[in-house]
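To start, the structure itself, in structure tokens.
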Amino acid sequence: MSRMSIPDIREKYENGENLTMLTAYDAPIARQVDNGGVDMILVGDSAGDNHLGYNDTIPVTVDEALSLTASVDRAVENAMVIADLPFLSYGSSMEESVKNAGRFMKEARADAVKLETAPSGKTSIKVIDRLTELGIPVMGHIGLTPQRMNQIGGGYVQGRGDEKSATIEALIETAEQIEEAGAFSLVLEAVTEETGKRVTEVVDIPTIGIGAGRHVDGQVLVITDVLGLSEESYRLSKQYADLNSVICDAVESYVDDVQEGVFPASENVFDAIDEEG
């Protein structure tokens, strides 16, 4: 079975099927996410604060993201693998933007890339246009854009039209420009439900929501939130397992077994000594 392709995504969208996407940052988790049947796996720059130990996404380097993407790619058979372009890996120049996006396709074998666009973000829209012209599929991203967190001052819901939030009209305009530039889909992060609904009604590409409400074409969540590996919960997410407790219990059991001399047992060693003699 071949991987999910852009025509496959388009067919699901046109048939009114809800699209599914989760993040993954390493091969073991990516394999399980793929086996679970998601349409797309995003190797997000959210790895910064969910996998690499940073406080946010800003420090993630191109080389780190390439390594994570390649490890996910090697484990995935069915889902489309999408690589998040890290902060300042695009936009400084068209040449650098194309070079970095190309590396994710050529070296890490991603099927597509994703990049963030600020309201009316002319530079990144030009980048999307150039990348798609060259055959690099692009997923857009509007609403709350974590790479701009230092500029906007926090994780504020977008679409409210106040001093901390873009207007719905600005986000709709940006979405239309991203579609026109050639993006095959669009992530809407932390926007009002009305924003998610109106953007979805206006554009003719799939909208994938994370905190964008119920009237979008699909959903994406961060895998550590889904599995209960995060240190805090978010309103826009849902926890489907409690692996923090499972892992903690397993480690404590291992420590107890070693301290009590229960592990390793005879079945865990090579050419065990016959202690009865």
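The values are calculated or read from the model by the stated rules, or taken from the named source; none is laboratory data. Because the structure is a prediction, the values reported are computed rather than measured. Cβ: placed from backbone, ideal geometry, glycine included. Neighbour counts: every protein chain shown.
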Study note, to complete from the structure: The one condition GLY154 fails out of (1) within 19 Å of the chain's Cα centre (by Cα); (2) of a type outside the set (S, T, N, Q); (3) on the phi > 0 side of the Ramachandran plot is (1)
Exercise for review: Any chance you could count how many residues in segment 42-73 are crowded, with 22+ Cβ neighbours inside 10 Å, of a type in the set (A, V, I, L, M, F, W, C) and in contact with a helix residue (DSSP H, G or I) (Cβ under 6 Å, 6 or more places away or on another chain)?
Suggested key: 5
Check your understanding: Which of the residues belonging to segment 70-114 are free of Cβ contacts under 8 Å to residues at least 12 places away in the same chain and part of a helix (DSSP H, G or I)?
Key -> GLU95, GLU96, LYS99, LYS106
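Does segment 57-86 hold any residues that are under 18 Å from MET149 (Cα atoms) and within 14 Å of the chain's Cα centre (by Cα), and which are they? Write out each step before concluding.
Filtering segment 57-86 down to residues under 18 Å from MET149 (Cα atoms) leaves 57-61, 84-86.
Correct list: THR57, VAL60, ASP84, LEU85, PRO86.
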Check your understanding: When segment 172-206 is examined, which residues are found to be β-branched (Val, Ile, Thr) and part of a helix (DSSP H, G or I)?
Key -> ILE172, THR174, ILE178, THR195, VAL199, THR200, VAL202
Practice item. Go through segment 142-165 and give me each residue that's more than 10 Å from ALA190 (Cβ to Cβ) and at pLDDT 95 or above. Key: ILE142, ARG160
Check your understanding: For segment 187-216, which residues satisfy the criterion of being of a type outside the set (Ser, Thr, Tyr), in contact with a helix residue (DSSP H, G or I) (Cβ under 6 Å, 6 or more places away or on another chain) and under 23 Å from MET149 (Cα atoms)?
Key -> LEU188, VAL199, GLY209, ALA212, GLY213
Check your understanding: Where in segment 1-69 are there helices (runs of 4 or more DSSP H), lying wholly inside it, with at least 2 residues that are among the aliphatic types (A, V, I, L, M) and either within 25 Å of VAL203 (Cα to Cα) or free of Cβ contacts under 8 Å to residues at least 24 places away in the same chain (or both)?
Key -> 6-14
Point to revise | Filter result for the condition that a residue is within 33 Å of the chain's Cα centre (by Cα), among the hydroxyl-bearing types (Ser, Thr, Tyr) and over 30 Å from MET139 (Cβ atoms), over SER245, SER233, SER237 | key: SER245
Review point. When the residues of segment 206-226 are filtered to those that are over 23 Å from ASP26 (Cα atoms) and either touching a Lys or Arg at 6+ places or on another chain (Cβ under 7 Å) or not small (Gly, Ala, Ser) (or both), which remaining residue is surrounded by the fewest Cβ atoms within 10 Å (Cβ to Cβ)?
Key: ARG214
Review point. Taking VAL258 and the conditions (1) surrounded by 15 or more Cβ atoms within 10 Å (Cβ to Cβ); (2) part of a helix (DSSP H, G or I), which numbered condition does it fall short on, given that it satisfies the others?
Key: (1)
Practice item. Given the conditions (1) over 30 Å from ASP49 (Cβ atoms); (2) touching a strand residue (DSSP E or B) at 6+ places or on another chain (Cβ under 6 Å), report the number of the one that ASP271 does not fulfil. Key: (2)
Point to revise | segment 25-41, subset over 19 Å from GLU231 (Cβ atoms) and of a type in the set (A, V, I, L, M, F, W, C), residue surrounded by the most Cβ atoms within 10 Å (Cβ to Cβ) | key: ILE41
Point to revise | Qualifying positions in segment 121-170 - surrounded by fewer than 15 Cβ atoms within 10 Å (Cβ to Cβ) and in contact (Cβ under 8 Å) with a residue 60 or more places away in the chain | key: ASN150
Practice item. Within segment 159-214, track down each residue that is of a type in the set (Asp, Glu) and touching a Ser or Thr at 6+ places or on another chain (Cβ under 8 Å). Key: GLU173, GLU189
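Being closer than 16 Å to MET21 by Cβ, touching a Gly at 6+ places or on another chain (Cβ under 8 Å) and of a type in the set (D, E, K, R): is that true of ASP39 here?
Details: closer than 16 Å to MET21 by Cβ: yes; touching a Gly at 6+ places or on another chain (Cβ under 8 Å): yes; of a type in the set (D, E, K, R): yes.
So ASP39 passes the test.
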